[in-house]
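FYI, it's all coordinate maths here, none of it is from the lab. Keep in mind that what you see is a predicted model, and the values were worked out from it rather than measured. Virtual Cβ from ideal backbone geometry, glycine too; neighbours counted across all protein chains shown.
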Amino acid sequence: MYSMIPQLIVNSLITSAVLAIIGIGLTMCFDILKFGNFAHTELAVLGAYLVFFFNVQIQWNLAVAMALAAVLTGLFAMFVDRLVFKKMREVVDVIPMITSLGLSIAIRNGIRAIWGSDIRVYDVQLSSGVQIFGAHFTYSQIWILGIVTVSMVGFHLLLKKTKLGKAMRATSDNRDLAEASSIDTERVTLYVWFIGGSFAALGGAMIGWDTQIDPMMGFMIVIPVFCVVLLGGIGNIYGVIIGAIILGFVQNFGIFIDFATLINLGGLLNIVDRVLIPVDYKPVIPFVILVIILLFKPSGILGKEKGK
Amino acid sequence: MQILSFINYWVNITAIYSIFALSLNFQYGHGGLINFGQVFFLCFGAYTVAITAQLGVNFAVSIVLAMAVSGFVGFLMSYTARNMGGTYWGIATLAVGEIVRIFFLNENWAAGGANGISFDVKIPYFEMVTLTLAALSFGFTRAVMASPFGRVIKAIREGDNLPLSLGKDVFSFKKKTMAIGGIIGGLAGALFAYQKQFINPEDFMPIETFIVWAMVVVGGKGRDMGTLGGAIIIQIFYVGTRFAKDFLPIDSNTLAALRMIVIGLLIMFVMMYRSKGFFPEKRRLYKVT
Amino acid sequence: MLLSIRNAVKIFGGLRALDGVSLDVEEDTVTGLIGPNGSGKTTLFNIVSGFLPNDGGEIYFKDKRIDKLSPDAIARRGLIRTFQIDQSAVEMTVLENLLVSAPNQTGEKFWRLIPTIRKVLLEEKQNLEKATSILDLLGFKHLANEYAGNLSGGQRKLLSLGRMLMAGPDMYMLDEPTAGVNPTLIKSLLAFLRKEVISRKGTTIFIIEHNMKVISSICDKVIVLDSGRKIAEGTPTEIQKNEEVLACYLARAKKPR
């Protein structure tokens with residue numbers, strides 16, 4: 001079993017990477033607009049299907065397809081904000097949240113209507129990949145980790161070094177104060193949607209690249225992504241990354257942890273032999289973690305630590 | 001004859017959905033609690049009936065049991081609402097709904113796992129039963145909301161501070177709100193089981209929660225009459241489009257998707273322009289001399 | 001002493017919002033609480049009424065400790081407060097706002113609704129009468145069935161007083177009841193308070209105010225807070241002449257923002 005560890009680490013890293021890049025957009029939006037956007041993961045699905053369209057249906061190069069999908073989804077996200085959520089800036093948070101529920105239903109089924117419910121894959125060669133420390137990385141997985149890392153670093157630099165980044169941080173800290181300091185918070189909001197949307201699209205594309213896509217995938221990941229956002233604390237970009245790593249590893253390693261030792265109080269008692277989380281329940285892990293977080297510390301494990 | 005049995009079916013389904021929608025409206029429209037996992041009440045109610053009916057338990061007793069089980073689930077869920085506000089609790093309930101469904105999917109001993117349970121119990125005059133129970137549920141929620149108890153629930157909807165400052169034990173009221181919502185939701189689930197006579201986890205996907213949300217949102221939060229109106233409208237839409245595939249060049253999958261797009265857009269539209277729903281809440285007018 | 005606060009402490013992050021405040025409120029008096037912005041007045045109210053937990057000290061109401069109790073438990077003991085930001089139930093009517101404020105309603109217990117329905121209906125009738133008479137006093141009768149959300153700010157303040165009257169507590173804790181209210185309405189408010197609350201035996205008022213005219217008009221005793229500490233205590237006249245008090249207000253005015 002221990003020989004599986006390197007492979008599990010690879011799988012965990014991929015899961016974490018995807019969750020992180022999708023989570024960034026959600027946490028920013030949650031922070032600036034004060035509501036949980038249920039439709040955010042559908043942006044990832046949209047991006048994934050756009051890549052499918054450009055790569056498989058029009059037969060363009062995968063990189064071009066991804067770039068296009070990211071940009072288009074970012075623009076779509078901005079468009080949705082303008083059309084739908086802009087009216088709801090001052091309203092209590094339940095209204096935009098329920099609206100986002102409706103939006104998620106509409107997007108998900110729109111994709112389903114256009115492309116059907118079958119599973120799709122991208123036009124990529126099945127390469128052999130490389131072996132590092134006993135773990136097998138396919139080339140696509142290396143690219144995925146690379147792209148996500150570059151995106152994160154790029155975003156970090158944007159936040160720290162650019163005027164826009166400063167404006168974003170100010171708006172996130174205190175919207176009214178930012179407005180008073182003559183920051184155009186509406187423009188900042190648009191940028192947040194664009195970046196969040198395009199990152200989500202990339203995340204969706206990664207999923208498609210690594211495995212496959214289907215119209216329900218957005219709903220499948222909505223809880224894990226929310227979980228990651230809540231773990232790291234809403235608005236905390238770096239928290240999202242840490243939360244994603246935690247969840248990615250817990251999900252992949254969790255089914256191998258033998259809880260018997262815990263239950264037997266470290267050998268004091270002998271109640272049970274082996275207690276594992278059944279494989280069928282693997283998808284439940286993020287759900288349970290989410291409920292536990294919300295029960296005990298809704299502000300997130302890392303609390304509200306502003307991106308320093 | 002086909003038409004008659006179809007109308008039968010539609011009446012039953014609409015009555016059952018109405019009851020289900022009333023349970024959500026009670027929690028959200030009156031109580032202000034956002035439950036995105038409402039389907040788990042349906043699930044517990046249906047599975048309780050499926051299990052007891054298989055064992056030969058009488059119809060009335062099964063239904064009461066289903067309501068009790070669901071009510072208890074609601075009571076337990078209220079503990080999660082204690083520290084959490086709207087958004088967070090919505091996410092949590094969505095998660096719980098899925099956990100429950102996956103549990104029933106995996107646990108064969110509990111309820112047949114992926115294969116579900118089927119039983120053979122035909123209820124005579126089922127339409128009469130569903131309609132009567134729908135009317136009773138409606139009457140019940142109206143009566144409860146007209147009482148002083150209902151008044152406190154309405155006050156809690158707007159925030160905990162005022163009722164707390166007036167000495168109301170807000171958490172206790174929330175527990176009861178969830179329990180009542182659970183009881184009514186369980187009733188819907190029980191009837192659903194008797195109607196289909198075969199249930200499996202596929203019947204309790206999140207889509208059920210979404211549809212009933214559309215009903216409550218369209219109908220008008222808080223106004224039970226509106227909720228019924230919303231249920232009927234959505235059901236008419238559903239049934240009306242059922243046969244669209246016979247006229248349009250689309251397959252059943254696309255049809256299902258298109259219908260859901262309409263549902264999603266409808267929810268959005270109502271929230272954007274008519275957030276109080278099409279049948280807004282009516283205020284209680286007192287005679288003041 | 002109806003209310004006794006001993007060394008109340010409240011810490012937010014690194015800030016000592018309340019740094020060992022001790023004070024008493026005597027029964028049947030009107031006690032004012034004043035101080036510059038941020039001195040801890042509302043924090044003190046929140047601690048006393050149970051909306052925030054205290055980090056140190058003890059609070060006694062009617063000789064029993066209340067500082068670890070929930071806000072609704074404290075309210076049931078006879079201490080009710082208003083809020084700076086009006087908390088009227090906007091989707092309920094004025095009359096419903098008043099009716100919900102009545103204490104000890106049998107009809108609020110779900111299980112009693114059927115068994116004791118006659119009692120419930122009787123109480124409803126009595127509460128309706130009481131609410132109607134309060135509406136009369138407030139001059140609101142024509143607004144009885146109006147949504148509270150449609151009232152003006154000043155009217156809502158009066159409504160919150162109406163709710164208090166309906167609830168009939170032993171201790172009224174008013175948090176800036178005249179803030180944002182126009183001068184004529186303030187006069188009515190004061191007249192209302194004098195007639196309906198102050199003149200009655202067994203009612204005690206603890207009031208936070210910035211308006212010194214209001215304070216001098218109704219308060220028997222005034223307590224001054226600054227930066228979480230009590231810096232002065234006395235009659236309104238004494239306080240107005242107190243040099244330390246004047247100094248702290250001036251210092252606040254001069255402080256750079």
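The table for this structure:
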quantity: Cβ-derived FRET efficiency at R0 35 Å, C:Ile85 paired with A:Val150, nearest 0.05; calculated: 0.15
quantity: In Hz, Karplus ³J(HN,Hα) per residue of region B:18-23 (6.51, -1.76, 1.60; θ = phi - 60°; x = Gly, Pro); calculated: 4, 4, 4, 5, 4, 5
quantity: Burial ordering of A:Asp118, A:Asp81, B:Asp246, C:Asp28, fewest other beta-carbon atoms within 10 Å first; calculated: B:Asp246, A:Asp118, C:Asp28, A:Asp81
quantity: Where labels lie 7 Å past Cα in the beta-carbon direction, separation of C:Asp63 and C:Leu122 in nm; calculated: 3.3
quantity: Partner chain coverage, peptide A:90-98 - average Cβ within 10 angstrom; calculated: 6
quantity: Those aspartates and glutamates that a straight Cα-Cα span of less than 13 Å connects to A:Lys282, excepting residues fewer than 8 apart in one chain; calculated: B:Glu98
quantity: Amide H within-cut-off set for C:Asp67, under 5 Å, with H built and near neighbours excluded; calculated: C:Ile59
quantity: Phi-based couplings in Hz for region A:59-65 (Karplus 6.51, -1.76, 1.60; Gly and Pro marked x); calculated: 6, 8, 5, 4, 4, 4, 4
quantity: Number of partner chain Cβ atoms within 10 Å, mean per residue of B:173-179; calculated: 1
quantity: Relative exposure of A:Tyr49, A:Tyr139, judged by other C-beta atoms within 10 Å (fewest first); calculated: A:Tyr139, A:Tyr49
quantity: Under 22 Å from the Cα of A:Lys161 - lysines, other chains or at least 8 residues apart; calculated: A:Lys304, A:Lys306, A:Lys308
quantity: Residue-averaged [θ]222 nm for chain B, counting only DSSP H segments that reach four residues, each worth -39500 (n - 2.57); calculated: -24000 deg cm²/dmol
quantity: Ordering of A:236-248, A:87-99 by packing [mean C-beta count within 10 Å, highest first]; calculated: A:236-248, A:87-99
quantity: Among the listed pairs C:Lys41/C:Lys187; B:Lys168/B:Lys282; B:Lys276/C:Lys187; B:Lys282/C:Lys130; B:Lys175/C:Lys187; B:Lys174/B:Lys276, those beyond 32 Å (Cα-Cα); calculated: B:Lys276/C:Lys187; B:Lys175/C:Lys187
quantity: Phi to ³J(HN,Hα) by Karplus 6.51 cos²θ - 1.76 cosθ + 1.60 over region C:112-126, Hz, x for Gly, Pro; calculated: 8, 4, 7, x, 10, 4, 5, 5, 4, 5, 4, 4, 4, 4, 5
quantity: Candidates B:Met84, B:Met205, B:Met215, ranked by Gaussian network fluctuation over chain B, Cα under 10 Å, top entry; calculated: B:Met84
quantity: Using a Förster distance of 56 Å, the FRET efficiency for A:Lys86-C:Glu233 (Cβ separation, nearest 0.05); calculated: 0.60
quantity: Computed over region C:149-257: relative contact order in percent, which uses C-alpha pairs under 8 Å that are six or more apart; calculated: 20
quantity: Modelled FRET efficiency - R0 56 Å, A:Lys166 with B:Phe6, Cβ distances, 0.05 increments; calculated: 0.30
quantity: Where trypsin sites (Lys or Arg not before Pro) fall in DSSP loop in region B:183-289, at most 10 other Cβ within 10 Å; calculated: B:Lys287
quantity: B:Asp120 versus B:Arg284: modelled label distance in nm, points set 7 Å from Cα along the beta carbon direction; calculated: 5.1
quantity: Cβ neighbours within 10 Å from other chains - mean over C:79-91; calculated: 4
quantity: Sequence-distant residues sharing a close amide H with A:Asn236 (under 5 Å, placed H); calculated: none
quantity: Projected label distance in nm at B:Ser172 and A:Asn61, using a 7 Å step from Cα toward the beta-carbon; calculated: 7.1
quantity: Placed amide H near B:Phe278: partners under 5 Å, 5+ positions off or other chain; calculated: B:Gly219, B:Gly220
quantity: Length-normalised contact order of chain B in % [C-alpha pairs under 8 Å, at least 6 apart]; calculated: 32
